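To start, the structure itself, in structure tokens.
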Amino acid sequence: MAGIRTARRHIFPAGRFILGMRASRTIQHAIAYLLIAVFLFFALLPVAWMFSNAFKTLEQMRITFPIQWIPNPVTLENFADGWRARDWLLHLRNTLMLAVFVLIPTMASCILAAYAFARMRFPGSELLMLLNISFMLMPDFVTMVPRYVMMARMGWVGTWLPAIIPSMLALNPAMVFVLRQFFRAIPNELSEAARLDGCNDLIILWRVIIPLSKPILALQIVLIIAWAWNDLLFPLLYLKDKSMQTLTLAMMGFIGSRGDTQWGAMMAMSVLVSLPMMVLSYYGQRYFTEGFTLTGIKG
Amino acid sequence: MTSPLLSGPQPGLDPAEAPGLLDRLARGRNFRRRLLPFLFLLPWFVGVLTFQAYPILDSFYHSFTIYDVFQPAKWIGFRNYVNLADNDYTRKALMNTLLYVAVSVPGGLVVGLLQALLLNVKVRGLPLFRTLAIVPGTVPVAGAAAVFLFIWSPNLGLINSFLKILGFPRGQAWLTDPVMVKWVFIFMTIQGGIGMLIFLAGLQNVPQELYDAAKIDGAKSIQTLFKVTLPMLTPYTLFNLLTSLIGAFQMFASPMLMTGGGPAGGSTFYGQLIYENAFRYFKMGHAAALSWILFVISMLIVFLLFRTSASWVYYEGGN
């Protein structure tokens, strides 16, 4: 159908210039542009505000109309001020450590579980998957307290073990589910061919499934780094010690200790904390769309 | 070759009982093949038992006790549940959460859908607009908290400065007013975010033929929207509804960072309620009861949505 219409358009280009159609199309586009502009203005306002005010002195922050988006003169005092307040490099290191400690064992255990769910037949697989989906949709707060008490009893609080051990046990039901959906969509012929060549499941997983799942695995990596960068609950419970605090927890202390007059330093540190995530998300978004469309959510 | 774990004490595998070498090999391989999935799932099983099932059962037991971790738990029957209903602080947090769920979830869904529809209109510069639309969602919560603290602040804040220009010189105490503060959080979280991305992905999956057919039948845009686009988006709507409902109960970081739940519990939501009961007041019994209520609520939501989904979610190909 679409083919015929495009063909007609090329054969009778005059058809596009029928007056009424053209006018209504123009109006529609004008309205769309207007709405997109309004939406983007409000969506981007806080971000622009953060960047703009990070470079302003307290005097310049008083709002005048029209709003001065690019301050004159530009000050870097806020960044120096914010940087001195805390050992940000230490908190950055802790954040990256948390990401790595969670990422590697989670990937290993979830890939194994997802492969079993997607590619192997065993009694009760449907039921266990349903269980996994239930855990996926269960808020973390349900198990938070008993988990903490367990880990405290074992003396793990204040170490990195609460990040590492649960990660080894595939305690990321969402990842198990998403990977299973993706693995299931990979054509069976590929793994069967490998099996006829004498490969066992581990080799098939390593040589066939994982190389074909790069976009979804990349997405999972981005998501875990973003989690380590964003999460407050986990560090609040397990990484309370100053030497272990992640960026979010450090920001919490930083925000709490600032009075009404230190907005500049707060905005400057927000910019510094936000920029790496904005860059990462920019590169991660294409995996998101790719992974999401290919995986499907139709069960 | 075979690890001891794989060739455990299985009677059929005992060499003395096995009739022939070939048969034995075949059986061994078969057995291994049947065991292999469970081996792959071993970490998952251990995780489910130790960090999911056990905590849920543990909460269930402790929700009927007085327990402060330091002394053994004491059985008190349903008193925790009764106390929760009586406690002002708890009731406030529960009301805040319900309000948040009732306003922010449908609001976020509608806004996300509208944004996605808007970013699906084929205009020039669309890729740039889509990239820009994603930017606010990429700001980490710590950064966003600081910025919104600034924007809603009484003196230098953007909102109050704007109100001043409109002729309200005194402005409004947003984050320090126990009634207003929860609305700030509700309003702040009504945004498309990841829901918009998911709707946008869904819009790409609507087959062009359906739009063409609708056009030939003379359908107006609004009819196409309600008769073609929205029905085709229902699987994505279900997904967004599930995740945002569950997410609403997870709301924790931004109030903790911005107001600490105050003033006077005005911005305390469910997650923080459990957190404070457990780790500030050491009322583990209360925390356990709250955890269990949350568990029941979330499973009920999932069950109801899946049960009713057959009647309103359209799966292409009648799946």
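Would you say B:PHE185 is touching a Ser or Thr at 6+ places or on another chain (Cβ under 7 Å), in a helix (DSSP H, G or I) and aromatic (Phe, Trp, Tyr)? Taking the combined requirement at face value, the residue satisfies it. Scan the range B:64-92 for residues that are aliphatic (A, V, I, L, M) and either more than 19 Å from B:PHE249 (Cα to Cα) or touching a Gly at 6+ places or on another chain (Cβ under 6 Å) (or both) and jot them down. Hits for the range B:64-92 are B:ILE66, B:VAL69, B:ALA73, B:ILE76, B:VAL82.
All conditions but one from (1) modelled with pLDDT under 90; (2) in the same structural domain as A:MET168 (by TED's automatic domain parsing) apply to A:GLN68; the one that does not is (2). Could you go through the range A:142-153 and let me know if any residue there is away from chain B (no Cβ under 11 Å) and either open to solvent by 40 Å² or more (accessible area, probe 1.4 Å) or within 25 Å of the chain's Cα centre (by Cα) (or both). Within the range A:142-153 (the criterion being away from chain B (no Cβ under 11 Å) and either open to solvent by 40 Å² or more (accessible area, probe 1.4 Å) or within 25 Å of the chain's Cα centre (by Cα) (or both)), the answer is no, since none of the residues qualifies. Take the range B:112-129 and flag every residue that is surrounded by fewer than 20 Cβ atoms within 10 Å (Cβ to Cβ), more than 9 Å from every other protein chain (Cβ to nearest Cβ) and under 23 Å from B:PHE239 (Cα atoms). Selection gives B:LEU117, B:ASN120. Within the range A:106-115, can one find any residue that is over 24 Å from B:TYR54 (Cβ atoms) and facing chain B (nearest Cβ under 8 Å)? Looking through the range A:106-115, at least one residue is over 24 Å from B:TYR54 (Cβ atoms) and facing chain B (nearest Cβ under 8 Å).
Of the helices (runs of 4 or more DSSP H) lying entirely inside the range B:221-285, those containing at least 3 residues that are away from chain A (no Cβ under 11 Å) span B:221-224, B:230-250.
Among the residues of the range B:182-211, those identified as in contact with a helix residue (DSSP H, G or I) (Cβ under 6 Å, 6 or more places away or on another chain) and more than 26 Å from B:GLY247 (Cα to Cα) are B:VAL206, B:GLN208, B:LEU210. From the list A:ARG62, A:ARG86, the one residue that fits, being open to solvent by 60 Å² or more (accessible area, probe 1.4 Å) and either assigned by TED's automatic domain parsing to the domain that holds A:ALA170 or at pLDDT below 95 (or both), is A:ARG62.
Residues that are more than 24 Å from A:SER270 (Cβ to Cβ) and either under 20 Å from the mean Cα position of the chain (by Cα) or in a loop (DSSP other than H, G, I, E, B) (or both) within the range B:121-141 comprise B:VAL121, B:LYS122, B:VAL123, B:ARG124, B:GLY125, listed in sequence order.
Scanning the range A:199-241 for residues that are under 12 Å from A:ILE111 (Cα atoms) and either part of a loop (DSSP other than H, G, I, E, B) or hydroxyl-bearing (Ser, Thr, Tyr) (or both) gives a single hit, A:SER213.
Only one of the listed residues (A:LEU202, A:LEU212, A:LEU272) is out of contact with any Pro (no Cβ under 8 Å at 6 or more places or on another chain) and modelled with pLDDT of 95 or more. That residue is A:LEU272. Among the candidates A:SER134, A:SER167, the residue that is outside any loop (DSSP other than H, G, I, E, B) and more than 8 Å from chain B (Cβ to nearest Cβ) is uniquely A:SER167.
Looking at the structure I just gave you, is B:ILE76 touching a residue at least 12 places away in the same chain (Cβ under 8 Å), away from every other protein chain (no Cβ under 13 Å), open to solvent by less than 50 Å² (accessible area, probe 1.4 Å) and over 29 Å from the mean Cα position of the chain (by Cα)? Criteria met by B:ILE76.
Considering only the range A:137-164, how many residues are of a type in the set (Ser, Thr, Tyr) and either in contact with an Asp or Glu (Cβ under 6 Å, 6 or more places away or on another chain) or part of a helix (DSSP H, G or I) (or both)?
Adding up the residues that qualify gives 2.
For the range B:205-218, give me each residue that is farther than 30 Å from B:ILE301 by Cα, outside any helix (DSSP H, G or I) and open to solvent by 40 Å² or more (accessible area, probe 1.4 Å). Across the range B:205-218, the qualifying residues are B:ASP217, B:GLY218.
The values are calculated or read from the model by the stated rules, or taken from the named source; none is laboratory data. Nothing here was measured: the structure is a model prediction, and the numbers come from that model. Methodologically, a virtual Cβ is constructed for each residue, glycine included, from the backbone with ideal geometry; neighbour enumeration extends over all protein chains shown. For the accessible areas, the whole protein counts, side chains as well, though only heavy atoms, and no ligand, DNA or RNA atoms are used. Shrake-Rupley method; radii C 1.70, N 1.55, O 1.52, S 1.80 Å.
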